[in-house]
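In what follows, a structure is listed as structure tokens, so that the remarks can point back to it.
The values are calculated or read from the model by the stated rules, or taken from the named source; none is laboratory data. It should be emphasised that the depicted structure is a prediction, and the values quoted were computed from it without experimental measurement. Cβ placement follows ideal geometry from the backbone for every residue including glycine, while neighbour counts extend to all protein chains displayed. Accessible surface areas use protein heavy atoms only, side chains included; no ligands, DNA or RNA. Shrake-Rupley method; radii C 1.70, N 1.55, O 1.52, S 1.80 Å.
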Amino acid sequence: MAVVTGESLKSELEMFDIACQDDTILDKMVEQCICNRIQADEMVLEWVAYSTTKNGLKLTTDTLEYFEHEVLNKKNKSKQSFKKEETHNRTRDIHSLQDLIKAEEEEENLLDAYSTPAKGSQKRALTTPEHPHSKRSAAQLTSPGLLLSPASFSPSSTPSQKYSQRGAKGEVVVSFGVVQGTRWAGRKESGAGVQLELLEGPEDSLRCSYKYMFQRLRDVRNVLTEKIEELGEGLKAHFNIEEFSPVSLPAQDSITVLGQVCCDSNGKLNAHSVLLEAGPEQGGQQIPVDLSELKNYSLFPGQVVVMEGMNTTGRKLMASKLYEGVPLPFLTSEVKMEMNEEPLNVLVACGPYTPSDSLTFDPLLDLINVIVRDRPDVCLLLGPFLDSKHEQLEKAQVTETFEAIFSRCVESIVDGTQSVGCRLVFVPSQRDIHHHFIYPQPPFSLPSLSKDQAQRVTLVPDPCTLLIDGVTFGLTSTDILFHMGAEEISCGTGTDRFSRILKHMLTQRSYYPLYPPVEEVNMDYEKYQSFGQMPLTPDVLVIPSELRYFVKNVVGCVCVNPGRLTKGQVGGTYGRLLIQRSAASDDGTRASPCLAAQVVKI
């Protein structure tokens, strides 16, 4: 059923030369259309027929009350009696009964949400419990809260009580860098002078066809082999290794081997199940590894490493030394910093944008208010926007398509931040129910955006690397921290698990170095080879996760987990960064950014 608006009713009335400039009359007609589940053209035809029999009755709120009582209510009753009679005559098989129960529940929920006023009642605007606004105002898009009114796309629109009663709003839970006295606000002309570029280049697109589930094992093997060889060359040059030995060749002297860590079974990796799988140049075989002589190590499946040790029988490698990967260099920026240049303010938030017990977008509306208050230059918004794990979406308790609800969500963000003028970057998630759930993930498609709106919006894939005013950002919405944290094993490292995993990502030069991936990640390895690798070490790495929020400096890269905007039924956190690019040094090295960061409760 198409959405009825005041404009559509006004257009239909003009076809019969009925002029109506009173918004209250149009609001009343919109309400009657929704309550009686009729379209704008049918509503106007019914009114014309009714007013003609009453000698040209004038269109007012009072006459609409009589019209509803005499025409619409009777028509609705006749529809219900017809449905009951049809139901009585229908064959009572199990499928028809289930369809009937579902249809009746939907109709009851809808009628409960939009109750018909009694005769003689005072004019009232159509409201929802949390946003009392009229549908005509929603049609004019005057506020993001109107677009996201859940009553328009969900029969059960009760707001989350736990979210509305949350405490510690605006509390800073993590700080990084020099934040004392920092002014957390954007530039005077927010977003206007920000240079934003996707480093993969516009000519490379993820919108072309995929081969997931049609990939040949040979092609997957080739991708993994190239990764081993590429990282092996970097390790060989960095540690001055002369050559790699075959992993299965017996030798009485210490040898150096290159390979990929894997597990000897389908279970979780442990210290006694580690295998090293070599590339074709080193024999392409797997060999068990004894880690008992290693004082410290951190390993996970898919990790490319160099090991030194003894293999006297050719059947087991007794490892004595482990060489981990080397990160890529940072971007050498040629942009010269002006002395009076204002810092760049970036806001980072990750979905879900609704509580788990309601489809109300109250957390998103609160985030829009934060954006309007702080006026950041760039907002990095990561999915899921429509979470596939949400109970109401799993049960299909919505009355609109997922794409339509998502379009409303984006339009509300764009319209709500129009006064700020900030740049908006949208990153999809594997959990977005309306989007392609494959990795690497193509960017969203938003054909409904106007030309002016599209100028502020940048749609990027997951993962991606952005260059914002000379500062590189690595972004991924896939919870690689959670996935690798469940698989990594370590001994004697002395560092926290988050830092180890982040270092693995940077030294393995990949946004998803885990192999095999977890079951929920549908990997396309040909696309992964082109779009899942890091082209450089980013200055800032944004990796949202279900795990606890943090901001850490790992091998020179500032890694930010802003948390999620909602955690179950309660509010979550978002991140904000203030970046001041430093002047380039005399030796021509990169202009490293000075950065302050915070994680704040919504």
Quiz item: Taking region 540-549, which residues are part of a strand (DSSP E or B) and charged (D, E, K, R)?
Solution: none
Self-check item: Scan of region 486-509 for residues that are assigned to a loop (DSSP other than H, G, I, E, B), more than 22 Å from Asn266 (Cα to Cα) and aliphatic (A, V, I, L, M), ordered by number
Solution: none
Quiz item: Can you find a residue in region 43-61 that is more than 29 Å from Thr399 (Cβ to Cβ), among the β-branched types (Val, Ile, Thr) and in contact with a helix residue (DSSP H, G or I) (Cβ under 8 Å, 6 or more places away or on another chain)?
Solution: yes
Quiz item: For region 278-306, what are the residues that are farther than 15 Å from Tyr323 by Cβ and of a type in the set (S, T, N, Q)?
Solution: Gln285, Gln286, Ser292
Quiz prompt | Ile368, sole failed condition from (1) at positive phi; (2) under 27 Å from the mean Cα position of the chain (by Cα) | solution = (1)
Quiz prompt | Subset of region 511-546 that is out of contact with any helix residue (DSSP H, G or I) (no Cβ under 7 Å at 6 or more places or on another chain) and without any contact (Cβ under 8 Å) to a residue 40 or more places away in the chain - its residue that is least open to solvent (accessible area, probe 1.4 Å) | solution = Gln533
Quiz item: Under the condition of being of a type in the set (D, E, K, R) and modelled with pLDDT under 85, which residue from region 32-67 is farthest from the chain's Cα centre (by Cα)?
Solution: Lys54
Exercise. Look at region 468-508 and say how many of its residues are open to solvent by 40 Å² or more (accessible area, probe 1.4 Å), touching a residue at least 24 places away in the same chain (Cβ under 8 Å) and farther than 23 Å from Leu386 by Cβ.
Key: 9
Quiz prompt | Matching entry among Ala2, Ala19 (being of a type in the set (Gly, Ala, Ser), over 18 Å from Asp62 (Cα atoms), open to solvent by 50 Å² or more (accessible area, probe 1.4 Å) and assigned to a loop (DSSP other than H, G, I, E, B)) | solution = Ala2
Quiz item: Which residue, of Gln286, Gln282, Gln260, is in contact (Cβ under 8 Å) with a residue 12 or more places away in the chain and either open to solvent by 50 Å² or more (accessible area, probe 1.4 Å) or β-branched (Val, Ile, Thr) (or both)?
Solution: Gln286
Practice problem: For region 537-551, state whether one or more residues are on the phi > 0 side of the Ramachandran plot and among the basic types (Lys, Arg). | Solution: no
Practice problem: Taking the options Glu342, Glu324, name whichever one is open to solvent by 40 Å² or more (accessible area, probe 1.4 Å) and in contact with a strand residue (DSSP E or B) (Cβ under 8 Å, 6 or more places away or on another chain). | Solution: Glu324
Practice problem: For region 439-453, state whether one or more residues are touching a strand residue (DSSP E or B) at 6+ places or on another chain (Cβ under 8 Å), within 15 Å of Leu364 (Cβ to Cβ) and of a type outside the set (Val, Ile, Thr). | Solution: no
Quiz item: For Ser245, all conditions in the list (1) modelled with pLDDT of 90 or more; (2) in a strand (DSSP E or B) hold save one; what is the number of the exception?
Solution: (2)
Quiz item: Considering region 286-326 alone, what residues qualify as being within 39 Å of the chain's Cα centre (by Cα) and of a type in the set (Gly, Ala, Ser)?
Solution: Ser298, Gly302, Gly325
Practice problem: Looking at (1) more than 15 Å from Thr256 (Cα to Cα); (2) in contact with a helix residue (DSSP H, G or I) (Cβ under 8 Å, 6 or more places away or on another chain); (3) among the aromatic types (Phe, Trp, Tyr), find the lone condition where Tyr297 falls short. | Solution: (2)
Quiz item: Within the set of pairs 6 or more residues apart or between chains, which connect a residue that is at pLDDT below 85 inside region 161-176 to a residue that is basic (Lys, Arg) and open to solvent by 70 Å² or more (accessible area, probe 1.4 Å) with Cβ atoms less than 6 Å apart?
Solution: none
Quiz prompt | Residues satisfying the stated conditions in region 550-566, i.e. buried (at least 21 other Cβ atoms within 10 Å of the Cβ) and not in a strand (DSSP E or B) | solution = Pro562, Gly563, Arg564, Leu565
Practice problem: Considering only residues that are open to solvent by 30 Å² or more (accessible area, probe 1.4 Å) and hydroxyl-bearing (Ser, Thr, Tyr), look in region 409-465 and name the one that is farthest from Tyr210 (Cα to Cα). | Solution: Ser419
Quiz item: Would you pick out the residues in region 23-65 that are outside any helix (DSSP H, G or I), open to solvent by 50 Å² or more (accessible area, probe 1.4 Å) and touching a residue at least 24 places away in the same chain (Cβ under 8 Å)?
Solution: Arg37, Gln39
Quiz item: From the set of residues in region 433-447 that are assigned to a loop (DSSP other than H, G, I, E, B) and among the aromatic types (Phe, Trp, Tyr), which is farthest from Ser407 (Cα to Cα)?
Solution: Phe437
Practice problem: Please determine, by comparing only the residues of region 534-582 that are of a type in the set (S, T, N, Q) and over 22 Å from the mean Cα position of the chain (by Cα), which one is modelled with the lowest pLDDT. | Solution: Ser582
